[in-house]
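Structure first, then comments.
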Amino acid sequence: MLVRATNWPLLGVSAAYAAGAQGLGVHRPAVQAAAYEVIENSALFDFEKIQLTDKVLLAHLSDVALFAFGDAPDNALSAHNNASFPKCKSLPGDPTYPSQDNWASLNALSDGALIKTVPIGAVCYDGEAYDSRRCQFLLDNWNVSDTHVGDPSSVMSPIFVGQTCMPQDAVLPGNNNSCTLGGFPSYSLNVTTVAQIQLAVNFARNQHLRLVIRNTGHDFLGKNTGEGALSIWTHHLNDIKVIRQYESAGGRYSGPAFKLGAGVMVYELYDAAEREGYTAVGGECRTVGVTGGYLAGGGHSPVTSIYGLGSDQVLSVEIVTPDGRFITADETQNTELFWAVRGGGAATPSCREWNGTRRRWP
Ligand SMILES: Cc1cc2nc3c(=O)[nH]c(=O)nc-3n(C[C@H](O)[C@H](O)[C@H](O)COP(=O)(O)OP(=O)(O)OC[C@H]3O[C@@H](n4cnc5c(N)ncnc54)[C@H](O)[C@@H]3O)c2cc1C
């Protein structure tokens, strides 16, 4: 996405976030390799050039049905084409829930990116994950956003996962609570390419699986989590590119802009803008994801009264549609979608790859 920048002296914050990827717990079949094709296009980030295409699917014949695009006419597995699927999404234990082999295929084709969920609070409970120092850290820092941002599945509104693995509960005297998954997703895919996002979208649709997207975990309404779900974890798509002279497709904007990956956080955008002598429109909280729920919900900023909402700054968006196709939406192409994703609400209407291009202010 492209955003304008001002010359206001808003200070960027330096910080490093460790990815909290936990044990994969999924084996990789020896016969399979990551599935992608490199599509050369100078307008794209490198990670966007790595795509899932029809050609790639044909080369992985054994798994083609699991990962077929939603618009493939012979996609019999797709819930869209299969009336026998129940109305509700599959949960672990249901006959329609993906088998371990199917999860292993997703892991293999996505180059080992699948993470089996271990709730962040598990370090406070008896079991493999127990870690007293880490537990104490959670107890001391539970209400700090940074504690949760780098974890694949932690959410900042734990009521939506049923508070089934709270560190505070584990240490209550006489408490024999156990740590369970509750409303956490079963798996997260740590995506670093567009192909992995496409694989996840196709797999979830074809397996009648709940699909959620987690960026930073800030969602107040818990739309970033879901029982039994596959979660697309966008945290590591944090590329930022400065475009000194951007011409928007429809001629609405001409000037400097930023192209941002789906995982870029507010402070990272502010840092980049400050280095260039500009300020971009972003949120007050430094770890909110700029191109995730922030822009989808409109996006309020300390400078909104001057420059408008965050969503007003968007010039172009790269999206993975529910069919699994990778498209660009801007003023001249896929215009309805371009309109909808700028304020239509988080998690609608599709899984955005959200490698957006945003305006900067001079
Ligand atoms: C402490 C705090 C301070 C805040 N400050 C501000 C502020 O100053 N201004 C403001 O406007 N808002 C603010 N917010 C609200 C914030 O913008 C929303 O909570 C927003 O939804 C967070 O988005 P995220 O991507 O960072 O978080 P997540 O919880 O990871 O995602 C939020 C929602 O967006 C969806 N989503 C994320 N990425 C994508 C994607 N690539 N494609 C499709 N869907 C996606 C998720 O599924 C989820 O439903 C604040 C929230 C908190 C908790």
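Which residues, counting only those in segment 209-237, are farther than 20 Å from GLY299 by Cα and either part of a loop (DSSP other than H, G, I, E, B) or near the ligand (Cβ under 7 Å from one of its atoms) (or both)?
Residues of segment 209-237 that are farther than 20 Å from GLY299 by Cα, as a first pass: 209-212, 225-233, 236.
Matches in segment 209-237: ARG210, VAL212, THR225, GLY226, GLU227, GLY228, ALA229, HIS236.
Name the residues in segment 86-101 that are surrounded by fewer than 17 Cβ atoms within 10 Å (Cβ to Cβ) and either at positive phi or not β-branched (Val, Ile, Thr) (or both), would you? Talk me through it step by step, then tell me what you get.
We begin by selecting, within segment 86-101, every residue surrounded by fewer than 17 Cβ atoms within 10 Å (Cβ to Cβ); these are 86-88, 91-96, 99-101.
Selection gives PRO86, LYS87, CYS88, LEU91, PRO92, GLY93, ASP94, PRO95, SER99, GLN100, ASP101.
Of the residues GLY283, GLY308, which single one is within 13 Å of the ligand (Cβ to nearest atom), crowded, with 18+ Cβ neighbours inside 10 Å and assigned by TED's automatic domain parsing to the domain that holds GLY250?
After applying the criteria, what remains is GLY283.
Quick check, is LEU260 touching a Ser or Thr at 6+ places or on another chain (Cβ under 7 Å), of a type outside the set (Ser, Thr, Tyr) and assigned by TED's automatic domain parsing to the domain that holds GLY308?
yes
Restricting to segment 329-342, name every residue that is crowded, with 19+ Cβ neighbours inside 10 Å and within 15 Å of the ligand (Cβ to nearest atom).
Residues satisfying the conditions are ALA329, LEU337, PHE338, VAL341, ARG342.
May I ask you to list the residues in segment 151-175 that are out of contact with any Lys or Arg (no Cβ under 9 Å at 6 or more places or on another chain), in a helix (DSSP H, G or I) and more than 23 Å from PRO98 (Cα to Cα)?
PRO158, ILE159, PRO167, GLN168, ASP169, ALA170
Determine which member of the set PHE160, PHE184 is of a type in the set (Phe, Trp, Tyr), touching a residue at least 24 places away in the same chain (Cβ under 8 Å) and surrounded by 21 or more Cβ atoms within 10 Å (Cβ to Cβ). Show your work before the answer.
Details: PHE160 fails: surrounded by 21 or more Cβ atoms within 10 Å (Cβ to Cβ).
Just a single option satisfies the conditions, and that option is PHE184.
Scan segment 176-192 and give yes if some residue there is among the hydrophobic types (A, V, I, L, M, F, W, C), assigned to a loop (DSSP other than H, G, I, E, B) and within 16 Å of VAL320 (Cα to Cα), otherwise no.
Yes, that holds for at least one residue.
Which residue out of ALA262, ALA273 is of a type in the set (A, V, I, L, M, F, W, C), crowded, with 24+ Cβ neighbours inside 10 Å and more than 7 Å from the ligand (Cβ to nearest atom)?
Working: ALA262 fails: more than 7 Å from the ligand (Cβ to nearest atom).
Residue meeting the stated conditions: ALA273.
Any residue at all in segment 157-164 that is of a type in the set (Phe, Trp, Tyr) and touching a helix residue (DSSP H, G or I) at 6+ places or on another chain (Cβ under 7 Å)?
The answer is no, given that none of the residues of segment 157-164 is of a type in the set (Phe, Trp, Tyr) and touching a helix residue (DSSP H, G or I) at 6+ places or on another chain (Cβ under 7 Å).
Is one or more of the residues making up segment 133-144 on the phi < 0 side of the Ramachandran plot, in a loop (DSSP other than H, G, I, E, B) and either more than 16 Å from the ligand (Cβ to nearest atom) or modelled with pLDDT under 95 (or both)?
no
The values are calculated or read from the model by the stated rules, or taken from the named source; none is laboratory data. Not measured: the values here are computed from a predicted model. Using ideal geometry, Cβ is built from the backbone for each residue, glycine included, and neighbour counts are taken over all protein chains shown.
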